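Shown next, in structure tokens, is the structure this report addresses.
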Amino acid sequence: MIHPDMAMPNNLRIDEEKYKSILKYIRLNVTEKYDFPQEIVQIDGITIATLGNFSASTGKPKSKKTFNVSAIVASALSGKEVLKYKANLPECKNKILYIDTEQSKCHCHKVLHRILSLAGMPTDQENDRIEFFVLREYTPDQRRDIIRWALHEETNIGLVVIDGIRDLIHDINSPSESLDIINELMRWSSYYELHIHTVLHLNKGDDNTRGHVGTELNNKAETVLQISKNMENGNISEVRAMHIRDKEFTPFAFEIGKDSLPHLVSDYQFKMNKRDKLTSYVDMTEQQHRSALEITFQNGPVVGYQALLDALKKGYDSIGYARGRNTLVNLCKFLLQHEAILKDGRGYSFNEKFNI
């Protein structure tokens, strides 16, 4: 057995007294109950943001990421559903801190105006529930210091938006810097009991988040939303979950209206992009199966096996999974085994409560 003194690392940054003072805070006790973090943002009843955690919106340039974030903030301000977002900040934490690291004051003013318009609030008077900081002129270190001071000084903040996490570090491909900033997000969100939503670009050549910071973000974030342009109509942007701790929500789309505000596109048929195209139905997510089955049974139960195969072909074609009869037969067996499809005599119906 190694003596404790010999096992102690020589670069330990806390002394014994300090260690004992924080031990009660960091030790988990099986006999105690711990409250689940408060849910503050949902999509169709599915939680995408809780207090004490952080999330992100990501997408390629001009995919309208900031429009998407504006809808989240507008819902948090108003308590109303905006696009598909329904936010509910607690009364003691109903303020929002919005940090923009890229745009000029003129363009940031447009974003603030858009948020207030979406929230149904006056745009000709100040709103004391939202603080909007423009940090374009500062260095990465100065930006982080300003955010630290703001979190320390401002009270009742429940939601922080950082539009441009990349601008809080010098090198997006530095593993150490990337880990430091993600640890900072975790520390801020946990210590101040708030939620942080940040924005990061995707690589131009693929659908991966940029640099080491993107990798860390994917690993640690509660939810990562991907916003992408519709390939046929550049005015429409699609929103889906790239990563999510809760079950996946049904993707949705919005377009920019003549009022320069985002509006939900109703009855939008979401198609899988190249990144999502799968080689096997076994690898599909529950939400991907659900989207296909909703089309399969859009007219209600199906009578007859061949009619079921035809309907399945139509449903799975709609999400980009076009396959022949042999694969459809195996897919049908798979869905029946997992009770996504229920058989009653010659009839087949969709079990919305299935779980794959």
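The values are calculated or read from the model by the stated rules, or taken from the named source; none is laboratory data. Here the structure is a predicted model, which means the values were calculated and not measured. Heads up, the Cβs are rebuilt from the backbone with ideal geometry, glycines too, and the neighbour counts pull from every protein chain shown. Protein only, heavy atoms only, side chains kept; ligands, DNA and RNA dropped before computing areas. Shrake-Rupley method; radii C 1.70, N 1.55, O 1.52, S 1.80 Å.
Could you check region 43-149 for strands (runs of 3 or more DSSP E) lying wholly inside it with 2 or more residues that are open to solvent by 20 Å² or more (accessible area, probe 1.4 Å), of a type in the set (F, W, Y) and at negative phi?
Per the criteria, 130-134.
Would you confirm whether any residue within region 226-243 is over 28 Å from L118 (Cα atoms), of a type outside the set (D, E) and open to solvent by 10 Å² or more (accessible area, probe 1.4 Å)? Can you show your working first?
Filtering region 226-243 down to residues over 28 Å from L118 (Cα atoms) leaves none.
Scanning region 226-243 turns up no residue that is over 28 Å from L118 (Cα atoms), of a type outside the set (D, E) and open to solvent by 10 Å² or more (accessible area, probe 1.4 Å).
Whether any residue in region 275-284 is of a type in the set (F, W, Y) and buried (at least 18 other Cβ atoms within 10 Å of the Cβ) is what I want to check.
Scanning region 275-284, I find at least one residue that is of a type in the set (F, W, Y) and buried (at least 18 other Cβ atoms within 10 Å of the Cβ), so the answer is yes.
Can you work out which of the residues in region 291-313 that are of a type in the set (G, A, S) and surrounded by 17 or more Cβ atoms within 10 Å (Cβ to Cβ) is nearest to K247 (Cα to Cα)?
Step one: of region 291-313, the residues of a type in the set (G, A, S) are 291-292, 300, 304, 307, 311.
Now narrow it down to the ones that are surrounded by 17 or more Cβ atoms within 10 Å (Cβ to Cβ): 291-292, 311.
Details: S291: 14, A292: 16, A311: 26 Å.
Among residues in region 291-313 that are of a type in the set (G, A, S) and surrounded by 17 or more Cβ atoms within 10 Å (Cβ to Cβ), the one nearest to K247 (Cα to Cα) is S291.
Give me a count of the residues in region 315-330 that are in contact with a Lys or Arg (Cβ under 8 Å, 6 or more places away or on another chain) and not hydrophobic (A, V, I, L, M, F, W, C).
5
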